[in-house]
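Data block below; observations after.
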Amino acid sequence: MPTQDSPLSRNETIKRESHLLRGGIEDGLARKVTGAIEEDDTQLLKFHGTYQQDDRDLRPERGKRKLEKAFSFMVRVRIPGGVLTPAQWLALDAIARDYGNGTLRLTSRQSVQLHGVLKSNLRTVIAAIAAAGLDTRATCGDVNRTVMCTTAPLPSGLHAEVLAIATAISEHLLPQSSAYDELWLGAEAATDADAESIYGPTYLPRKFKIGLVIPPVNDVDVLSQDLGFIAVVEGGALAGFTVTAGGGMGATHGEPATYPRLAEPFGFCTPDQAVSVAEAVLRTQRDHGDRSDRKHARLKYTIADHGLAWFRNEVEARLGRPLAPPRPFAFTHTGDRFGWTADLSTLTVLVPGGRIATGDATPLVEIARRHNGTFRITPNQNLVIAGIAPDQRGTIASLIAGSNLDPRPTPLRGGAMACVALPTCGLALAESERYLPRLAADIDELLARSGLAEAEILLRVSGCPNGCSRPYLAEIGLVGRAPGRYDLHLGGGHDGARLAPLYRQNLDHDDILGALAPLFGDYAEERQPGERFGDFVRRKGYTASPGD
Ligand code: SRM
Ligand code: SF4
């Protein structure tokens, strides 16, 4: 736990001296001699929704030729609940084609990322995103990030109701500084005298994540969020939310003080109270989160250090009233349900690696040109095409049939997710998105050999222990350790309600298959009716890691 005397982390000074997120960004954008901006300003840029990166595939060659790294920027769009109109889809597609690397990347938090944007085009890109009625505010940085919301097709108006609350929370917790409008949208410089009444001048100690979920689906992995709202539905109507706090995935190899953690339920609120509860929790973390050690600065550590009862008291003090006790909840699954809904109004398709290559010929562009409903990005990096008009069904079905988007993936592939990792992620220790196709194909083959081709097993890969694909909640989770080497975690729940302990360390591809093959054999022979793989390995005690 930090003490009064613990020195503040460098980022705290950068934030405090930034004049509410301006820093030297303006000058950095203007400097033509480099494709990068000043290091301190890269921290501030995140609050505006963009990360400086470089193409790691090109590093050796550029290094040899004594060239600057191949710098470019990743731009992350804020899309509460992942819902886009067809016009917005077309706009993002065009921006990625004109100014990015030609791809759209659907993320594990229902956003869209553009990669490969040059510094000289950053303003144009963010302004074009604004022209499409979207923004990139607070999608990165020490603030509340994109708010997630269940996308699974539901038979009632519940989705719209919960999405509206997710959007309201997202809007309410945006930074108030006008730096974004000034830097990117050409607004007049403001004094911002009263700005940041919620965050204060140094924002949060670290990133903060919120998700809303409608059981029995747990597609947003609500227990991995700093703050979660689990819908309580009575008589078909939304009665309120059980509120959870203290989830998070990130860890660092060899540093046991960092760990993934599941959120705990601590209260209940009615729908109209959700925004104020979110603000009270955020203020609690603002005041008590660790500002000296960024590896200990998430809400999960604040709660682990002080206890849930202390935390609830702090939230209630900021809320000005007590919270009702949490209500029970149960989930059936976290994955997406692919294909058409029974009423043929909605189609869910697998997007391999969450990556969509853009261009006029892309079937999704053709669909967006005809579609009057919405696109919903799922928390598993897939896509729901919702509200399909009867006269568009045939066309949409045939456009999808001619694409890489799969409405009927194998059960394993359908439940698999990988983070971006190489070549753009500066923190990647191993491949992930580029590794998943080979890994999933080989695991599918193993499963088929054991007569398990239809087994629904949750597989997730991350290129480092930060866990951006939430691998610690998977039934089979792989966490990058070094090029071609992964730690294997086993035994998460199919419902996102149980962590997967470490099973084996530092495995290469053949080791991974070698470790899984006998487990699949046993699972085929010895599982109980309906028993999930994650439950089976826990029951059989396969989660120990001898020798590790
Ligand atoms: Fe993440 C950092 C990609 C969801 C935990 N994450 C990064 C960065 C920005 C690397 C960096 O800091 O330089 C990655 C950019 C890669 C690239 O080239 O695009 C990155 N994270 C992603 C995405 C794109 C993964 C994906 O393939 O979908 C997801 C974007 C979400 C979004 O749209 O907002 C993404 N990241 C997550 C999640 C999952 C979630 O939020 O549900 C987690 C685990 C949950 C959590 O936060 O605990 C996650 N990302 C991290 C961490 C570890 C944080 C920690 O508490 O230790 C980092 C590193 C950091 O913050 O220092 C990180
Ligand atoms: Fe990068 Fe690690 Fe996140 Fe993968 S898990 S995107 S490698 S930070």
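Of all alpha-carbon pairs in segment 480-548, indicate the percentage at a distance above 14 angstrom.
On the way: 1418 of 2346 pairs.
Value for segment 480-548: 60 percent of Cα pairs lie more than 14 Å apart.
Taking the Cα centre of segment 377-504 as origin and assigning +1 to Lys and Arg Cβ atoms and -1 to Asp and Glu Cβ atoms, the resulting dipole is close to 280 debye. Gain on full extension, evaluated as 0.36 nm per residue between Ser398 and Leu344 minus their Cα-Cα distance, stands at 18.0 nm.
R0 = 60 Å: FRET efficiency of Ser156 with Ser6, Cβ-based, nearest 0.05? Before the final figure, lay out the partial values.
Numbers: r = 50 Å, r/R0 = 0.83.
It comes to 0.75.
Along the axis of the charge dipole computed for segment 268-376 (Cβ charges of +1 for Lys and Arg, -1 for Asp and Glu, origin at the Cα centre), the listed residues Ser276, Ile367, Phe329 are led at the positive end by Ser276. If you look at the Cα atoms of segment 371-529, you get an Rg and a Dmax of 17.2, 53 Å.
Beyond 14 Å, what share of the Cα-Cα pairs of segment 230-293 is found? Please give it as a whole percent. Please list the in-between numbers first.
Numbers: 1386 of 2016 pairs.
Beyond 14 Å sits 69 percent of the P(r) for segment 230-293.
For segment 44-84, the normalised intensity computed at q = 0.21 Å⁻¹ comes to -0.71 (log10 of I(q)/I(0), Debye sum over alpha carbons, equal scatterers, no solvent).
Note on segment 365-414: along the principal axes its Cα atoms extend 32, 22, 18 Å, ordered by decreasing extent.
Under 8 Å for C-alpha pairs, at least 6 residues apart: give me the relative contact order for the chain, rounded to a whole percent. Show your work: numbers first, answer last.
Details: 1235 pairs, mean separation 69.6, N = 548.
Relative contact order here is 13 percent.
Sorting 313-326, 74-87 by average packing, meaning the other beta carbons within 10 Å per residue, from highest down gives 74-87, 313-326. Positive-end ranking of Pro352, Gly530, Gly63 along the dipole of the chain, with charges on Cβ about the Cα centre, is headed by Gly63.
Distance between the C-alpha centres of segment 438-472 and segment 88-147: 29 Å, rounded to the whole angstrom.
For Cα pairs less than 8 Å apart in space and 6+ apart in sequence, what is the mean separation divided by the residue count of segment 36-175, i.e. the relative contact order in percent? List each step's numbers first, then the result.
Details: 232 pairs, mean separation 39.4, N = 140.
Normalised by residue count, the contact order of segment 36-175 is 28 percent.
The H on the amide N of Asp135, modeled in the peptide plane, is under 5 Å from the matching H of Arg78, each at least 5 residues off or on a different chain. Using all pairs of distinct alpha-carbon atoms, the Kirkwood hydrodynamic radius of segment 50-150 works out to 14.3 angstrom. In this label model, Leu174 and Asp510 are separated by 5.4 nm, measuring between points 7 Å along each Cα→Cβ vector.
Which of the peptides 285-294, 373-382 is most tightly packed, and how do the rest follow, going by the mean number of other Cβ atoms within 10 Å of each residue? If you can, show how the numbers build up before the last one.
Details: 285-294: 18.8, 373-382: 25.5.
Going by the mean number of other Cβ atoms within 10 Å, highest first, we get 373-382, 285-294.
The string of couplings for segment 38-45 from the Karplus curve (6.51, -1.76, 1.60, θ = phi - 60°) is 4, 3, 4, 6, 5, 5, 6, 4 Hz, one whole number per residue in order, with x for Gly and Pro.
Any chance you could run the full-extension gain for Thr124 through Asn313? It's 0.36 nm times the residue separation minus the Cα-Cα distance, nm to one decimal. Mind showing how you got there, number by number?
On the way: separation 189, 0.36 × 189 = 68.04 nm, distance 4.61 nm.
Separation in residues times 0.36 nm, less the Cα-Cα distance, equals 63.4 nm.
Charged neighbours of Pro437, selected by a Cβ distance under 14 Å, balance to -2 (K, R count +1; D, E count -1). The slack between Glu445 and Glu526, meaning 0.36 nm per residue of separation minus the straight C-alpha distance, is 27.2 nm. The alpha carbon centroids of segment 344-391 and segment 273-313 are separated by 37 Å. With the convex hull constructed from alpha-carbon coordinates only, segment 243-378 shows a mean projected area of 13.0 nm² over all directions.
Given R0 = 35 Å, the distance between the Cβ atoms of Ala304 and Arg62 translates into a calculated FRET efficiency of 0.25.
In this rough spin-label picture, where each label sits 7 Å from Cα along the Cβ direction, the Thr34-His19 distance is 2.0 nm. For Tyr259, the solvent-accessible surface with a 1.4 Å probe is about 70 Å², rounded to the nearest 10. A P(r) calculated from all alpha carbon pairs of segment 292-372, with 5 Å bins opening at zero, reads 3, 9, 10, 12, 11, 8, 8, 9, 15, 11, 4, 0 percent. Accessible area per residue for the chain, computed on protein heavy atoms with a 1.4 Å probe, is 38 Å². Less than 5 angstrom separates the built amide H of Phe268 from those of Val243, Ala324, all sequence-distant by 5 or more or on a different chain. Nonpolar atom fraction for the chain, defined as the carbon and sulfur part of the 1.4 Å probe accessible area, stands at 52 percent. Listed peptides 217-223, 168-174, 278-284 appear in the order 217-223, 278-284, 168-174 once ranked by packing, highest mean of other Cβ atoms within 10 Å at the front.
Over segment 126-204, the hull volume per residue, using the convex hull of the C-alpha atoms, is 113 Å³. Extending 7 Å from Cα along the Cβ direction at Ala482 and again at Arg369 yields two label points whose distance is 5.1 nm. Residues Lys64, Lys207, ordered by accessible area of protein heavy atoms at a 1.4 angstrom probe radius and largest first, appear as Lys64, Lys207. Value of Rg to Rh for the chain, rounded to two decimals, is 0.95; Kirkwood radius and Rg both from alpha-carbon coordinates. Rounded to the nearest 20 debye, the dipole size of the chain about its Cα centre is 580 debye, using +1 on the Cβ of Lys and Arg and -1 on the Cβ of Asp and Glu.
Max-minus-min Cα coordinates of segment 121-269 on each principal axis give 50, 45, 31 Å, with the largest extent listed first.
The values are calculated or read from the model by the stated rules, or taken from the named source; none is laboratory data. Just so we're clear, the structure is a prediction, and the values are computed from it rather than from any experiment. Counting neighbours? That spans all protein chains shown, and the Cβs are built from the backbone with ideal geometry, glycine included. Accessible surface areas use protein heavy atoms only, side chains included; no ligands, DNA or RNA. Shrake-Rupley method; radii C 1.70, N 1.55, O 1.52, S 1.80 Å.
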